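First up is the structure itself, then whatever we jot down about it.
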Amino acid sequence: MVEFFFDCSSPWTWLGFRNMQRTSEAKGIPVRWRPFLLGAVFNTVNPSVYEFRERGVPAKKAYLKKDLADWARADDIVLLYPPTVFPVNTVKVMRGCILLDSFGLLVPFAAAAFKAYWTDDQDIGDDRVLRSLCERIGFDPTVFFDGIESPGVKQQLRANTDELMARGGFGSPTIFVGDDMYFGNDRMPLVIRALEGHQESQAATKGAKE
């Protein structure tokens with residue numbers, strides 16, 4: 001089982017999300033998508049992120065933009081960094097991912113949210129944008145806005161966030177292959193190797209039983 005913990009507020013997560021989708025489809029491996037709140041994680045276990053934003057090394061910040069541009073070009077997408085609204089409040093959009101998972105629409109909704117924010121420069125914390133995203137994937141916006149206020153959806157998002165920190169996570173995306181943790185889009189080659197090893201191990205075990 002692969003678990004992909006994510007928050008749409010991270011550009012690296014959009015890249016990782018796309019790569020995880022492709023890997024899942026190519027290898028026939030199911031992914032358990034785990035929305036969480038990145039801000040809560042930063043506040044609790046990784047506050048140094050805020051210091052970097054305010055007083056980080058200028059050369060490192062400049063390289064960050066180049067690095068993102070390189071990855072976006074390699075993935076053939078347009079990635080705007082930073083967007084006009086940055087950082088963005090993703091509470092509603094991540095609750096939406098929780099809600100839409102039960103309707104089988106988490107992936108298209110999250111993909112649309114990533115693109116809206118990181119390519120189209122739309123504020124995904126704005127209700128008007130969220131309404132548009134719902135309409136784009138064919139989901140009733142009224143059901144969406146009612147659903148994201150339900151206690152069960154709110155609790156699940158908090159539980160995912162707490163679980164990630166309890167398992168040693170500190171950012172997005174965080175990927176687990178079994179109990180092995182991998183952080184960041186650039187660790188996807190290691191994730192793929194781990195998945196291949198897991199598949200080979202399962203095949204060998206099945207062969208031995210037969």
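Using the alpha-carbon positions of the stretch 59-104, Rg (one decimal) and Dmax (whole number) come out as 14.9, 45 Å. Need one number: the % of Cα-Cα pairs in the chain sitting beyond the 31 Å mark. Beyond 31 Å sits 20 percent of the P(r) for the chain.
Is it possible to state the helix-based mean residue ellipticity at 222 nm for the chain, with each DSSP H run of 4+ residues giving -39500 (n - 2.57), the sum divided by total residues, to the nearest 500 deg cm²/dmol? What is it? Display every interim value, and only then the final one.
Details: 10 runs with 129 residues, N = 210.
Calculated mean residue ellipticity at 222 nm is -19500 deg cm²/dmol.
Between Gln21, Ala74, Pro11, the Cα set farthest toward the positive side of the dipole of the stretch 2-209 (charges on each charged residue's Cβ, about the Cα centre) is that of Ala74.
Only bridges whose two residues both fall in the chain count here: according to DSSP, what percent of them are antiparallel, nearest 5? Intermediate values should be presented prior to the final figure.
Details: 8 of 13 bridges.
Roughly 60 percent of the DSSP beta bridges within the chain come out antiparallel.
Assign unit charges at the C-beta atoms only (+1 for Lys and Arg, -1 for Asp and Glu), then state the dipole size of the chain relative to its Cα centre in Debye, rounded to the nearest 20.
On the way: 25 positive and 27 negative charges, 64 e Å.
With Lys and Arg at +1 and Asp and Glu at -1, about 300 debye.
Here the label points at Gln21 and Arg167, each 7 Å from Cα along the C-beta direction, are separated by 2.2 nm in the simple model.
Across the stretch 143-187, the residues whose backbone nitrogen lies under 20 Å from the label position 7 Å along the beta-carbon direction of Glu196 are 175-187.
Filter the DSSP H helices in the chain by two things, a Kyte-Doolittle mean of at least -0.5 and an axial alpha-carbon span of 20 angstrom or more, and list the hits by number.
Numbers: long enough: 11-27 (24 Å, -1.12); 58-74 (24 Å, -0.84); 151-166 (22 Å, -0.71); 188-209 (31 Å, -0.36).
Going by DSSP H runs, the hits are 188-209.
The residue among Ala159, Ile175, Trp33 whose Cα reaches farthest toward the positive pole of the charge dipole of the stretch 2-209, with charges on the beta-carbon of Lys, Arg, Asp and Glu, is Ile175.
Note: relative contact order over the stretch 2-209, using C-alpha pairs below 8 Å and six or more positions apart, is 32 percent.
All of the numbers you see were taken from the coordinates with simple rules; none came from a lab. Here the structure is a predicted model, which is why all the values come from computation and not from measurement. Please note: Cβ atoms are built from the backbone with ideal geometry, for glycine as well, and neighbour counts cover all protein chains shown.
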